[in-house]
Amino acid sequence: MKTRTIDGPQGRLAVDEAGSGNELAAVFLHADSGSRGHWRNALAHVGTRRRAVALDLRGHGDSDVPRNGDFSYAGRAEDISAVVDALDLRRFILVGHSGGAAVALAFANAHAERVAALLLVDPVTDPASIPPEQRAGALAALKGPDYLAVITDYYGSIVGPNPQTAAIVLHDVERTPQATIVGAMTALDTLRPGDLVGHYEGPTLSIVLPANDTEHALHRTGRGFPCRHFPSLEVGHWFHLDDPVTFHAMLDAYFDEVARKA
């Protein structure tokens with residue numbers, strides 16, 4: 001695996017790359033307040049068969065905070081454009097976890113010809129399911145001096161029982177700048193699923209925890225798209241870290257399905 005730095009539209013972007021070959025490449029996007037390190041196991045696995053790339057989106061991990069302060073999904077999608085252009089990736093499967101899934105949708109809507117398929121991993125849900133006053137209170141708290149305790153408590157509540165996963169996730173949260181946390185959560189607060197879902201017409205699959213398969217899930221927006229439940233028990237929102245063996249098997253099955261139809 002090699003790491004490089006690519007000039008993005010609003011600063012430097014850190015990228016990990018594994019594998020080679022002419023088969024469909026895979027590009028991985030992390031969750032809000034995460035990093036490309038969340039995909040290290042997936043890159044090592046996928047890299048045995050195809051080219052695989054994971055990047056730190058703006059303001060996350062080792063990538064620069066954007067000069068213009070833009071953390072919108074469209075703005076973060078521009079980071080993907082910079083990376084795939086620099087790496088000469090013409091067409092690829094785009095994998096996004098949580099908030100990264102919304103970034104993946106934004107990129108696919110703008111550059112459908114380059115996206116062979118979308119895989120959304122426990123993606124964000126419609127924020128309208130949460131009362132406006134509750135969302136406003138959470139954002140106000142994140143803008144205050146105790147933001148780190150607020151976001152750490154929230155992530156701790158969804159990370160699940162695996163202490164190794166919790167250590168990875170909370171380490172990344174602690175090193176994420178407050179401006180990035182506020183910017184990403186503001187984008188989520190203003191998310192309107194209909195603006196993202198239903199425009200890209202290529203293959204799309206969502207893998208979700210059964211508890212997150214609700215009426216507010218992205219795959220139930222509009223005409224919808226296929227969804228599979230992650231089958232393991234005792235996992236949390238970062239189930240690709242909790243149970244990589246099961247996740248990689250699902251990844252392989254979907255990638256093979258896409259490759260057969262490409």
Flagged in segment 143-169 as surrounded by 15 or more Cβ atoms within 10 Å (Cβ to Cβ), touching a residue at least 60 places away in the same chain (Cβ under 8 Å) and of a type outside the set (A, V, I, L, M), in numbering order, are 155, 160, 162, 165
* Somewhere in segment 199-210, is a residue touching a residue at least 24 places away in the same chain (Cβ under 8 Å) and of a type in the set (Gly, Ala, Ser)? -> yes
| message | Among the residues in segment 196-216, are any under 27 Å from residue 249 (Cβ atoms), at pLDDT 95 or above and in contact with a Lys or Arg (Cβ under 6 Å, 6 or more places away or on another chain)? | response | yes
Every listed condition ((1) farther than 30 Å from residue 257 by Cα; (2) surrounded by 15 or more Cβ atoms within 10 Å (Cβ to Cβ); (3) among the basic types (Lys, Arg)) holds for residue 220 save (1)
Scanning segment 1-25 for residues that are assigned to a strand (DSSP E or B) and among the polar types (S, T, N, Q), the one surrounded by the most Cβ atoms within 10 Å (Cβ to Cβ) turns out to be 5
Result of the Cβ filter at 6 Å on segment 222-251, keeping first residues that are acidic (Asp, Glu) and partners that are part of a helix (DSSP H, G or I), at least 6 apart or interchain, is 242/165
If we keep only residues of segment 44-77 that are more than 14 Å from residue 102 (Cβ to Cβ) and polar (S, T, N, Q), then the residue modelled with the lowest pLDDT is 48
Residue 172 passes all but one of the listed conditions (1) among the acidic types (Asp, Glu); (2) surrounded by 13 or more Cβ atoms within 10 Å (Cβ to Cβ); (3) in a loop (DSSP other than H, G, I, E, B); the exception is number (3)
By residue number, the members of segment 175-188 that are assigned to a helix (DSSP H, G or I) and either at pLDDT below 95 or hydroxyl-bearing (Ser, Thr, Tyr) (or both) are 180, 186
Apart from one, (1) assigned to a helix (DSSP H, G or I); (2) free of Cβ contacts under 8 Å to residues at least 12 places away in the same chain all hold for residue 139; the odd one out is (2)
Check on residue 204, under 17 Å from the mean Cα position of the chain (by Cα) and within 30 Å of residue 145 (Cβ to Cβ): no
Q) Got at least one residue in segment 219-232 being in contact with a Lys or Arg (Cβ under 9 Å, 6 or more places away or on another chain), outside any helix (DSSP H, G or I) and either closer than 20 Å to residue 110 by Cβ or of a type outside the set (Lys, Arg) (or both)? A) yes
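The values are calculated or read from the model by the stated rules, or taken from the named source; none is laboratory data. Small disclaimer: the values here were computed from a predicted structure and weren't measured. Note: ideal-geometry Cβ built from the backbone for every residue, glycine included; neighbour counts use all protein chains shown.
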